[in-house]
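Only one structure is covered here, and it is reproduced in the block below.
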Amino acid sequence: MTTVRQWTGKEVRALRSAKRMSIREFAAHLGVSDRMVSKWEAAGEQIQPRPMNQAALDTSLARSAPEVRSRFTLLLGTPELDHAIDLGSTLIRHPADNKRMALVTGGSFLAGTANASIWLPAFYIDVYPTTNAEYARFVEATGHQPPAHWSSEFWPSERADHPVVFVSLRDALAYANWAGKALPTSNQWEKAARGCHGDLYPWGNQAMSHRCNARESGIGETTPVDRYLGGVSPYGVHDVSGNVWEWTTTEYAPGRYERKGGAFTSRLTHCAPAAASDAPPGLHADDTGFRCVIG
């Protein structure tokens, strides 16, 4: 005898949200009434759809595109995303720190200089590194110690949209905890930056210093996080080569953690997403910042 999967109200709501359908559209999609869908979503764990309706839900999920299934999984596993603002396509705006986040779909990607195949579940990642202005809101809300180069609790006025620097791994983790997010692992960061197919850079395999802020660019300091439109990754993530190294939670050796992406101080080859540097968690440097993930 076949056992039909028992859906919950939260799962129904998550599937409808992942498909970006109104209640009316979703009801027509399943072949039930609007009132029925509303009843399911409001009833939490207590819903008991008929077997044919549960089968319709199963079929709807099974036939969904990978992006839809990824959003469904994230909506179920991350309560904060229930309140995120849907910006369309694969973008959301996180409700806590108001940052745009891009969906990195679940699946395998080619990682590291050896292009080893690694599988990762879906996650969202900040489109841009955390800026001075964004970090200042965290400092104001929590009383956290501001970066040492700021004047009191204020960043350099001309660098509001530059990545925050002189932040340690501990500082970055404190921000992530405040925002209800996490810091990426090295593998998460790398997949978001280079895509699935082992490209050397976010834009492909050609070394192009005009697409990022590396040493060869000759700038010698940080730049606005949205400056290099030609350096965007396949997932729509900006500033993942050059500008500043970004902290990850991956421990390279006891007491040392990986940083990814290179910086304005780095040669272009060191700004390739497969490359990494390591540092102690207490490091404060003028070329190191961070971005966050969910999932």
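The values are calculated or read from the model by the stated rules, or taken from the named source; none is laboratory data. Bear in mind the structure is a predicted one, so any value in this text is a computation, not a measurement. Heads up, the Cβs are rebuilt from the backbone with ideal geometry, glycines too, and the neighbour counts pull from every protein chain shown.
Numbers below:
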item	result
Residues located in region 78-115, provided they are aliphatic (A, V, I, L, M) and more than 22 Å from E246 (Cα to Cα)	L81, A84, I85, L87
The listed residue being without any contact (Cβ under 8 Å) to a residue 12 or more places away in the chain, out of contact with any helix residue (DSSP H, G or I) (no Cβ under 6 Å at 6 or more places or on another chain) and under 27 Å from A279 (Cβ atoms), out of S186, S117, S151	S151
Subset of region 248-271 that is touching a helix residue (DSSP H, G or I) at 6+ places or on another chain (Cβ under 8 Å) and assigned to a loop (DSSP other than H, G, I, E, B) - its residue that is farthest from L169 (Cα to Cα)	R267
Qualifying residue in region 277-291 (condition: buried (at least 20 other Cβ atoms within 10 Å of the Cβ) and over 19 Å from the mean Cα position of the chain (by Cα))	yes
Scope region 163-190; condition farther than 18 Å from Y257 by Cα and crowded, with 21+ Cβ neighbours inside 10 Å; matching residues	P163, V164, A179, K181
Test: residue in region 122-144 that is farther than 30 Å from A207 by Cβ and aromatic (F, W, Y)	yes
Whichever residue in region 217-247 is part of a loop (DSSP other than H, G, I, E, B) and small (G, A, S) and, among such residues, is nearest to D171 (Cα to Cα)	S241
Residue that is closer than 30 Å to A179 by Cβ and either in the same structural domain as N98 (by TED's automatic domain parsing) or at pLDDT below 85 (or both), where the choices are P66, P51	P66
